[in-house]
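The values are calculated or read from the model by the stated rules, or taken from the named source; none is laboratory data. Source: prediction; values computed, not measured. Here Cβ is always computed from backbone atoms with ideal geometry, including for glycine, and neighbour counts include all displayed protein chains.
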Amino acid sequence: MTDDIPMPDPRDIATAGEYVLGTLPLAERETFRRRLLNEPALAAEVARWEAHFDPIADEVRPLSPPAKVWNRVERRLFPESIPPANAVRFWQWLSLGSVCASAAMIALLWFGQPEPETEPRLWVSDMVSVDSSVRLTALYDESDGEMRVSVAGQPPAEGRDFELWLIQGERAPISLGVMPHEGQAAMPIPEDLRILVANATLAITDEPAGGAPGGVATGPVVAQAAMRRI
């Protein structure tokens, strides 16, 4: 990105990656595409993702399942019969979708694999509740050990708070603090926890006001998502 283009909102960083991979639902993709026409920072972020994923294209090769697999799937989808022309067209589209899915999978795996380097890295976790009523994006910067969170959507009920948890391997969940009901906040991560952030999972729970008693989660999980390197 050039120096005169501001950084995009942290909530848009992961969405830009999904846009480039083609995994956004159609309605969200169209909305995001229209925003690109008027938001230079967002367009620059998309360009950065495209450059990031370009090397993957050479690694993607179409895979053809055995004929017996096609036959079984065809019998389940079309128990009667389908005209030969339609069948050919159907499998052509399915094959294309398989290639795209393979490309997206390789990209996600490659994206999530840290490269050996000494420069500080950024990590993001984009958590969305099942009903999409709550969304929390966390952006962690290794250079200063600070996690910046952005909360949007429906706030917790009166007398309740959302609490953010760090989950790494088999360790017990570690509370990172109570979240604001909306807007953004900066959260310094203690030095002894910074080593756990990479490839961890973040989760939000619905807790009593002020947070879970004794630092042990009691409420239901509202949303969770893995930390991904960007």
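Per-structure values
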| item | result |
| --- | --- |
| Matching residues, the range 198-215, being more than 25 Å from residue 15 (Cβ to Cβ) and either part of a strand (DSSP E or B) or in contact (Cβ under 8 Å) with a residue 12 or more places away in the chain (or both) | 207, 208, 209, 210, 211, 212, 215 |
| Identity of the residue in the range 167-224, at positive phi and at pLDDT below 90, that ends up surrounded by the most Cβ atoms within 10 Å (Cβ to Cβ) | 199 |
| Qualifying position, being modelled with pLDDT of 90 or more, more than 18 Å from residue 16 (Cα to Cα) and of a type in the set (D, E, K, R), among 146, 142, 115 | 146 |
| Complete set of residues in the range 39-52 that are out of contact with any Phe, Trp or Tyr (no Cβ under 7 Å at 6 or more places or on another chain) and under 13 Å from residue 12 (Cβ atoms) | 39, 40, 41, 42, 43, 44, 45, 48, 49 |
